[in-house]
Amino acid sequence: MAEKIDLQEIEVWDGNYAAAQALRQAQIDVVAAYPITPSTPIVEGYASFMADGYIDGEFVMVESEHAAMSGCVGAAAAGGRVATATSSQGFALMVEVLYQASGMRLPIVLNVANRALAAPLNVRGDHSDMYLGRDSGWVQMDAFNAQEVYDMNLCAFRIGEHPDVRLPVMVHQDGFLTSHTAQNVRPLSDDDAYKFIGVFQPVEEMLDFSRPVTHGAQTEEDWHFEHKARQHKALMDARPVIESVFAEFEKVSGRKYKRVESYMTEDAEVIIVALGSTVESARLAAQQLRDEEGIKAGVVGPRVIRPFPFDAIRDALENCKAIGAMDRSCPGGALGMLFNEVSAAVYATAKRPLVTNYIYGLGGRDLSIVDIKAIFRELKANADAGKITTQIQQFVGLRGPKLGFFETREGK
Amino acid sequence: MAITSVKNLKEFSTVNERFEGAHLLCPGCAHSMIVRELMNCSDDNLVISTNTGCLEVSTAVYPYTSWDTSWIHIGFENAATAAAGAEAMYKARKRKGTLKNPDAPVKFVAFGGDGSTYDIGFQWLSGAVERGHNFTYICLDNENYANTGGQRSSSTPIGASTTTAPAGRVSYGEKRNKKDMMAIMAANGASYVAQVAPNKWKNMAQAFQKALSIDGPCYINALSACTTEWKFDPKDTINVSDLATDSLVFPLYEIIDGTELNITYRPKNILPVKDYLAAQGRFKHLFKPENAHVLEEWQKRVDAKWEYLQRREEARV
Amino acid sequence: MSNVLSNEKRGMRELGAEKKVGWDEVTHGVVLHSFEDDATDVAMRKAEDRNYSEFNSYTATVASWRVVKPVYNRDICIDCQNCWVWCPDSSIISRDKQILGIDYDHCKGCGVCVEVCPTNPKSLLMFGEAISSDDAIAQWPVKEKKEK
């Protein structure tokens, strides 16, 4: 029986260690993992817990990230609680298996410390790895700080293992900015955390010898569409489950989470939509602008990016005048993912706010409060003019001549 | 472990089969002979993983499965890791006391073709063996990517014509010699490796039973003569396999703990390599006068390998 | 037909002839079950005593793959089990060390069984698909004289 740890009411943990502690408390059966910056300390923290007798399950240090996710899939199909962690290149290497895991409807928790994708090689934080996995069929949640990394991990197990969901779940956090920044974290006790997560209930387990099961069958053109549709529906229908898990979590922790986190949006004229630690910077910028310049600024941070909260994002944004969708990933010849998805959500509204796209912070490039306030002022100019006054897509915080693409047609 | 008797074929035939018909494998396919025999060797619960390939694609196409035991396919490379993950889950749950049938014996077996074993899944197999998982990996070696129409793999022997290294006006086909997976797996730390062929059913069954009974990673290289890509009549699968083992093109031997090598089959009459090559369409171009040197090279290499095996067996290293 | 040669579930439908249900009825996670009931001791049970699920390929037939078929001659057979061990399609039915016959639902007509049969004349021979067993046996060749 694994030993418990008596945690303090307030611990000082960085995002990585918060994840490792949450994984420890979840009493995972198999962790199959591989190290990669900046998620490595999650795996190292877990290994340290193993070595000190705090973990009952198996810990398999595999030979690549693809093998890490493959081992997780094999273990999950055998029937038990499974988790791992990775970033960037490792995430890219396991992408094939991400699709396999979700198609096979296997609950697995994956911590991603978001880091840029090569080339060029970069170990710092941006969201390119997160964006790479967006169509992989996983429930995906974003933590903006270390406390949320811990909380989202506990919720992830509940959501993924819920009988109406049975899907793998990612918990994203900013590489270095969150993963390596120590903050105050209020954990649950080992008992309370495990009680919240609950005992794993196997479904279609290979180790139930009374019911041999075949996992991973092939489906040709006669059957594939129906299976994928069913899978998509399960992911879309995860929304009410996520809300109910968040509601339960609020009861045990006092912390309330929503699929879309809105700050000062009720009367906001201009809103920034962002992910990760940028949400917190944007909140500070919005508050300062309200105090100093009377700009009614607000911030929206999607907590759950998959299933995309089309409904909740629309609710949060439809009454403002100008939106800046901030994407921390190189858009690869298109407008950014948040821009595209937010635009789609507000397009199906009566007021159709203006939306522009800001590409920022690639490879760990810092974005200051000053920079964000400048963005809010551009949004204010758009709102006042009633049309987009800048290029639709702009790179911010970039050295060199101004880089942007596409102009609005007259009108909106 | 519940072992079925392989004393003789009559005893063996009393087992209850767990590999069902109406799969999609070609008529005469040796994969099925090998898989049937593995599943018949033990009455234990089996958890079987399979790489993408002929076996997988022919035995689990929705809505049918030919497997009477739990089975998993993830992708092309990772059957070894799937088995490793399942094995780790078994260990964890046994320790925690959460297994439904904690005393029921179970064996973890992974199948892969030569494409997924020698090539694309090599790292995954190497990792699982190095970590010492308790499982048996069986390579169904038909010396090409048969499922996708016969492309070369690193198991394709010299002179074979495949679709990506075909024999043509200026080429005699495959230029490289077959990779030695037995030596590699022995060096990789497999507790037991064995080269087997379905025509020697008893030898193969004994190797399977040995592997299943060993607590550690075991690797079996099984000759799977492919009627479709080697180009011989489906009825001749066992005949061609006999030529392979009796010409020593495919010698049957085992290596225990990487050091103890035992030859497990010594043909009464050693046939010339030419006889084996002549039985298959994929080698027929080698009988043109300009390719005579390839035939010579073939016989030389087979002789050298046999010499090596005998010396190592004698030296007990 | 005696019971051991046919379980009523065997070869019930052609591959591809199953009902094409909608997305709401396909199996969860593409998982397939092999049996309908508790299969804990399935390794101890013969095919005719198993409760195969509709998803088990046992319930399908590939008889249409054949152009020629093997016919089994009980009078000549010595029950060596060569044909049983080497049949790629689990289509030689053997019980209590005796060959009972061919599972024509699953036999693809590959001819391996004929090749590996050691008797002279062989106890299995290939014939055209349409011929009846009785007619085939009536045409059975006599012992082949070996050339000296």
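The values are calculated or read from the model by the stated rules, or taken from the named source; none is laboratory data. Predicted, not measured: the structure shown is a model, and the values here were computed from it. Note: ideal-geometry Cβ built from the backbone for every residue, glycine included; neighbour counts use all protein chains shown.
Quick notes on this structure:
- Test: residue in region A:248-255 that is part of a helix (DSSP H, G or I), of a type outside the set (Ser, Thr, Tyr), in the same structural domain as A:VAL149 (by TED's automatic domain parsing) and surrounded by 17 or more Cβ atoms within 10 Å (Cβ to Cβ): yes
- Of the set (1) surrounded by fewer than 24 Cβ atoms within 10 Å (Cβ to Cβ); (2) of a type outside the set (Gly, Ala, Ser); (3) assigned by TED's automatic domain parsing to the domain that holds A:ALA19; (4) part of a loop (DSSP other than H, G, I, E, B), all apply to A:HIS227 but (4).
- Residues of region A:336-372 classified as part of a helix (DSSP H, G or I), closer than 15 Å to A:ILE272 by Cβ and among the polar types (S, T, N, Q), total: 1
- Flag if B:GLU254 is of a type outside the set (S, T, N, Q) and over 30 Å from C:VAL116 (Cα atoms): no
- Looking only at region B:134-149, residues that are surrounded by fewer than 24 Cβ atoms within 10 Å (Cβ to Cβ) and touching a Pro at 6+ places or on another chain (Cβ under 9 Å) come to 1 in all.
- Flag for A:ASP208 being within 13 Å of C:TRP23 (Cα to Cα), within 7 Å of another protein chain (Cβ to nearest Cβ) and either among the acidic types (Asp, Glu) or in contact with a Cys (Cβ under 8 Å, 6 or more places away or on another chain) (or both): no
- Restricting B:LEU309, B:LEU261, B:LEU271, B:LEU248 to those that are at positive phi, among the aliphatic types (A, V, I, L, M) and free of Cβ contacts under 8 Å to residues at least 60 places away in the same chain reduces the list to B:LEU248.
Per-residue answers, yes or no, for (1) more than 28 Å from A:GLN100 (Cβ to Cβ); (2) of a type in the set (A, V, I, L, M, F, W, C):
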site: B:LEU9; (1), (2): yes, yes
site: B:GLU20; (1), (2): no, no
site: B:LEU38; (1), (2): no, yes
site: B:GLY53; (1), (2): no, no
site: B:ALA88; (1), (2): no, yes
site: B:LYS91; (1), (2): no, no
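- Residue within region A:94-112 that is more than 28 Å from A:ALA234 (Cβ to Cβ), touching a residue at least 24 places away in the same chain (Cβ under 8 Å) and more than 11 Å from every other protein chain (Cβ to nearest Cβ) present: no
- For region C:96-125, the set of residues classified as more than 13 Å from the chain's Cα centre (by Cα) and more than 8 Å from every other protein chain (Cβ to nearest Cβ) consists of C:GLN98, C:CYS117, C:PRO118, C:THR119, C:ASN120, C:PRO121, C:LYS122, C:SER123, C:LEU124, C:LEU125, listed by residue number.
- The requirement of being part of a loop (DSSP other than H, G, I, E, B), in contact with a strand residue (DSSP E or B) (Cβ under 7 Å, 6 or more places away or on another chain) and farther than 17 Å from A:HIS215 by Cβ is not satisfied by B:ALA92.
- Check on B:TYR90, surrounded by fewer than 24 Cβ atoms within 10 Å (Cβ to Cβ) and facing chain A (nearest Cβ under 7 Å): no
- Residue ID - farthest from C:ALA17 (Cα to Cα), chosen from residues in region B:1-38 that are more than 9 Å from chain C (Cβ to nearest Cβ) and within 16 Å of the chain's Cα centre (by Cα): B:LEU38
- Applying the criterion of being more than 30 Å from A:GLU3 (Cα to Cα) and hydroxyl-bearing (Ser, Thr, Tyr) to the residues of region B:93-128, the residue that is surrounded by the fewest Cβ atoms within 10 Å (Cβ to Cβ) is B:SER126.
- Qualifying residue in region A:271-283 (condition: part of a helix (DSSP H, G or I), surrounded by 15 or more Cβ atoms within 10 Å (Cβ to Cβ), hydrophobic (A, V, I, L, M, F, W, C) and in contact with a Gly (Cβ under 6 Å, 6 or more places away or on another chain)): yes
- Hits in region A:340-357 (condition: touching a residue at least 60 places away in the same chain (Cβ under 8 Å) and either closer than 11 Å to A:VAL396 by Cβ or surrounded by fewer than 17 Cβ atoms within 10 Å (Cβ to Cβ) (or both)): A:ARG352
- Of the strands (runs of 3 or more DSSP E) lying entirely inside region C:40-139, those carrying at least 3 residues that are farther than 27 Å from B:ASN45 by Cβ and not assigned by TED's automatic domain parsing to the domain that holds C:THR27 are C:68-72, C:98-102, C:124-128.
- Meets criteria (of a type in the set (Phe, Trp, Tyr), in contact with a strand residue (DSSP E or B) (Cβ under 8 Å, 6 or more places away or on another chain) and at pLDDT 95 or above) for A:PHE49: no
- The listed residue being modelled with pLDDT of 95 or more, of a type in the set (Lys, Arg) and surrounded by fewer than 22 Cβ atoms within 10 Å (Cβ to Cβ), out of B:ARG131, B:ARG152: B:ARG131
- Within the option set A:ALA51, A:ALA83, A:ALA68, being more than 7 Å from chain B (Cβ to nearest Cβ) and in contact (Cβ under 8 Å) with a residue 40 or more places away in the chain holds for one residue only, A:ALA83.
- Test for C:LYS9: is it touching a residue at least 12 places away in the same chain (Cβ under 8 Å) and within 25 Å of B:TRP201 (Cα to Cα): no
- Condition check for A:VAL213: surrounded by fewer than 15 Cβ atoms within 10 Å (Cβ to Cβ) and touching a Ser or Thr at 6+ places or on another chain (Cβ under 9 Å): no
- Residue selected from region B:93-113 under the condition touching a residue at least 12 places away in the same chain (Cβ under 8 Å) and touching a helix residue (DSSP H, G or I) at 6+ places or on another chain (Cβ under 8 Å), by the criterion farthest from the other protein chains (Cβ to nearest Cβ): B:GLY113
- Residue match in region B:276-295 (condition: farther than 27 Å from B:ILE138 by Cα, not polar (S, T, N, Q) and not in a helix (DSSP H, G or I)): yes
- Entirely in region B:1-66, the helices (runs of 4 or more DSSP H) that have 2 or more residues that are closer than 21 Å to B:ALA80 by Cβ: B:30-40, B:54-59
- With respect to the conditions (1) buried (at least 21 other Cβ atoms within 10 Å of the Cβ); (2) touching a helix residue (DSSP H, G or I) at 6+ places or on another chain (Cβ under 9 Å); (3) not β-branched (Val, Ile, Thr), A:ARG239 lacks only one, and its number is (1).
- Flag for B:SER116 being assigned to a loop (DSSP other than H, G, I, E, B), more than 12 Å from B:ALA222 (Cα to Cα) and within 15 Å of the chain's Cα centre (by Cα): no
- Boolean, A:ALA75 is within 10 Å of chain B (Cβ to nearest Cβ) and either buried (at least 23 other Cβ atoms within 10 Å of the Cβ) or not aliphatic (A, V, I, L, M) (or both): yes
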